[in-house]
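Have a look at the structure below, then the notes.
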Amino acid sequence: MDQTERQIIDDLFAKLRQAEAQSGPRDPQAEAHIRDTIARQPAAPYLMAQAIVMLEQALAASQNQNQELERQLQERPA
């Protein structure tokens, strides 16, 4: 893992801390089910973090592409 990858992971967990601070009470049954499932699949947190990072990157790329297309549309003669 290089410094960039470490920063991406740190940023993800910073967002999770912020979401936790802003969220309401958690559903105890859902939390227990998640905890039990993770106990059976210990690699799940790693894989979920990886999936979240990939989805965030795909979303950012899509948003950038959308902005570029909107810019091109604005510059296009009527």
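The values are calculated or read from the model by the stated rules, or taken from the named source; none is laboratory data. In this text the structure is predicted, and so the values were computed from the model without any measurement. Reconstructed Cβ throughout: ideal geometry from the backbone, glycine too, with neighbour counts over all protein chains shown.
Below are the figures for this structure:
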{"read-out": "Every residue from segment 1-55 that is of a type in the set (Asp, Glu), modelled with pLDDT of 95 or more and part of a helix (DSSP H, G or I)", "value": "ASP10, ASP11, GLU20, GLU31, ASP36"}
{"read-out": "The lone exception for LEU59 - which of (1) hydrophobic (A, V, I, L, M, F, W, C); (2) more than 20 Å from THR4 (Cβ to Cβ); (3) modelled with pLDDT of 95 or more it fails", "value": "(2)"}
